[in-house]
Amino acid sequence: LSRGVAYQIRKNNDFNYPFLKIADYLNSFDLIIANLEGPISDKGKNQGSIYSFRADPKAVAGLKFAGFDLVSLANNHVLDWGREALLDTRELLETGGIKTVGAGKDYAQANEPATFEIKGQKFAFLSYTDLYPKSLAATEILAGVSDFNVDKIKTRIADLKVQGYLTVVLMHWGEEYQTKSNATQQKLAREFVDAGADLIVGHHPHVPQEIEEHGK
């Protein structure tokens, strides 16, 4: 929602502009999930990445118009403008009626699942990335992204399964522009399914990768 997309929003003076042709379609579904590739804020300090993303706070209105119910914040750009912008992003989204998962003000909030109940079915979403330095993970006293600890993730999945949730793991991983997942992705996805996950949804490569059914 920054860079070229932000330019088009400004040019058309419409924060709904990126979604005008798909909003009706998206709103026809019960639940719409997205990876939010970067903060939405007017706060923070550019951390100096070659690609530093930050979208205008009014972009939240465009996401709401398009029908998004939940956005994942565990990715390699959400801290491009530091922890202040991350926290502002989360607050703007939640205040705007869009849930977040995968980052927060401290360890507990960053690792908390996002849950929904739709037509009698309970859903739980967990969100992680293996594409950031551990220093950006949330701690007991610092904001950050969720804890990419495979054993803990599998325990969380199993606990949610016992509670009757259809459990979805959102993973920001893989290699950019590769249409085939790598061995690490495949191994972890299968482990998460074996632990009780019903669905693994990946993002980061910027191109579609293959779909696999595992555990039948």
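The values are calculated or read from the model by the stated rules, or taken from the named source; none is laboratory data. This is a predicted model, so every value here is computed, not measured. For neighbour counting, all protein chains shown are included, and Cβ atoms are generated from backbone atoms with ideal geometry for every residue, glycine included. Areas reflect the complete protein model, heavy atoms only, side chains present, ligands, DNA and RNA absent. Shrake-Rupley method; radii C 1.70, N 1.55, O 1.52, S 1.80 Å.
Details
- Element breakdown for the chain at a 1.4 angstrom probe: carbon and sulfur atoms account for 52% of the accessible area.
- Candidates Phe19, Phe125, Phe29: whichever shows maximal mean-square fluctuation once the chain is modelled as a Gaussian network with Cα springs under 10 Å: Phe29
- At the residue level, Asp159 shows approximately 80 square angstrom of accessible surface with a 1.4 angstrom probe and all protein chains present.
- Comparing Pro57, Pro18, Pro133 in a Gaussian network model of the chain where C-alpha atoms under 10 Å apart are linked, the largest mean-square fluctuation is found at Pro133.
- Taking region 76-216 and dividing mean pair separation by its residue count, relative contact order in percent (alpha carbons under 8 Å, at least six apart): 20
- Overall form of region 9-80 per C-alpha gyration tensor (a/c, 1.5; a/b vs b/c): oblate
- Solvent-accessible surface of region 98-153, taken per residue with a 1.4 Å probe and all protein chains present: 46 Å².
- Ranked by solvent-accessible area (1.4 Å probe, protein heavy atoms only, all chains present), the residues Ile40, Ile118 order from largest to smallest as Ile118, Ile40.
- Local net charge near Phe53, Cβ-Cβ under 12 Å (Lys/Arg +1, Asp/Glu -1): -1
- Cα shape, region 40-158, gyration tensor, a/c 1.5 rule: oblate
- Largest accessible area first, the listed residues Leu73, Leu1 line up as Leu1, Leu73 when surface is computed with a 1.4 Å probe on the assembled protein chains.
- A cut-off of 5 Å between modelled amide H atoms, ignoring neighbours fewer than 5 places along the same chain, links Leu166 with Lys122, Phe123, Ala124.
- Accessible-area ranking of His214, His203, His172, largest first, probe 1.4 Å: His214, His203, His172
- Derived scalar couplings ³J(HN,Hα) [region 179-188; Karplus, 6.51 cos²θ - 1.76 cosθ + 1.60; whole Hz; x for Gly, Pro]: 7, 10, 5, 8, 5, 5, 4, 4, 4, 5
- Taking all protein chains as they are arranged and a probe of 1.4 Å, the heavy atoms of Asp194 leave approximately 110 Å² accessible to solvent.
- Measuring against 25 Å, Cα to Cα, the residue pairs Lys21/Lys161; Lys58/Lys105; Lys122/Lys180; Lys21/Lys180; Lys21/Lys43; Lys43/Lys134 contain Lys21/Lys161; Lys122/Lys180; Lys21/Lys180; Lys21/Lys43 as the ones spanning a longer distance.
- √(5λ) per eigenvalue of the Cα gyration tensor, the chain, largest first, Å: 26, 20, 18
- Amide H to amide H, with H built 1.01 Å from N, Thr100 comes under 5 Å of Val71, counting only residues 5 or more places away or on other chains.
- Nearest-10 value in Å² for the accessible area of Val169, using the 1.4 Å probe: 0
- Simple spin-label estimate for His214 and Ile22 gives 2.6 nm between the two label positions (7 Å along the Cα-to-Cβ direction from each Cα).
- Gyration tensor verdict on region 116-197 (Cα atoms; rounded if a/c is under 1.5, prolate if a/b is larger than b/c, oblate otherwise): oblate
- Structure-based [θ]222 nm, the chain - -39500 (n - 2.57) summed over DSSP H runs of at least 4, per residue, nearest 500: -9000 deg cm²/dmol
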